[in-house]
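Asks: Quick one: this structure, given as structure tokens, is what I'll be asking you about.
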Amino acid sequence: MNLSMPTLLTISSILTSSLFTVMFLAVPFGVVNAIIEHIDRKAGVETKPSLFNKIVRTLFIATGILVLCSVAMGSCITKKRKDLFTEICKQPVDRILVSFGSENVEFSDNVAREFRSLLQSGRNVLAHHSNPIDEIQIHFEGARNISYSLGKDCDVPNEYWLKDITSPGCESVGCKVRQFQSTELTKFLEIHGPQVSLGEQP
């Protein structure tokens, strides 16, 4: 059988993926059950679980580990986003461009510094079942050209969502940097931004 190189590469890739899949499933299965059987022997318990029970407990433990790893990874990524935002706010920025819908406003000098300070201050709040509305876009001009969105919470007065909308994977829906409450930020936006921006807080 004379197969072309692309076909051979495709078959090789499929076989390699299948091998890794089998290894990914088999290794945890063997390790988990070996550990459990060792613990049982130490405790003087002789058990002979069925293959089905072995598979179920392996999947249960593996799922728990994956969930913990996902949570840890999410926390790590969120912290890195916060650290990046803090670093950007510390850098000298000539001006900050803010898009209130179709209207653009430029913050500079003391106003820009106050705005950056307000975005970092405020009381952090725990995530809850709500979402940001009336979002505005914030663009920092400087060494790093990066943009964020700021929206008010749909339920809680003076509560805001700050999201990264520039980093890879965040362009479409945005990645939350922080969720916080700040009456000072509300007053600032009422003074320096058009009323169509974040609307009137209830």
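Asks: Could you check how many residues of segment 63-119 are on the phi > 0 side of the Ramachandran plot and free of Cβ contacts under 8 Å to residues at least 24 places away in the same chain?
Replies: Step one: filter segment 63-119 for residues on the phi > 0 side of the Ramachandran plot, giving 101, 109.
Next, only the ones that are free of Cβ contacts under 8 Å to residues at least 24 places away in the same chain stay: 109.
Total meeting the criteria: 1.
Asks: Quick test of your reading of the structure: SER172 fulfils all but one of (1) touching a Leu at 6+ places or on another chain (Cβ under 9 Å); (2) under 21 Å from ILE77 (Cα atoms). Name the failing condition by number.
Replies: (1)
Asks: While we're on this one: Which residue, of VAL71, VAL111, VAL98, is β-branched (Val, Ile, Thr), surrounded by 10 or more Cβ atoms within 10 Å (Cβ to Cβ) and not assigned by TED's automatic domain parsing to the domain that holds LYS176?
Replies: After applying the criteria, what remains is VAL71.
Asks: Might you let me know whether segment 145-157 holds any residue that is acidic (Asp, Glu), at pLDDT 90 or above and in contact with a helix residue (DSSP H, G or I) (Cβ under 8 Å, 6 or more places away or on another chain)?
Replies: no
Asks: Checking HIS139 against (1) touching a strand residue (DSSP E or B) at 6+ places or on another chain (Cβ under 8 Å); (2) over 16 Å from HIS192 (Cβ atoms); (3) not hydrophobic (A, V, I, L, M, F, W, C), which test does it fail?
Replies: (2)
The values are calculated or read from the model by the stated rules, or taken from the named source; none is laboratory data. None of the values given here were measured: they were computed from a predicted structure. We place every Cβ from the backbone using ideal geometry, glycine too, and count neighbours over all the protein chains shown.
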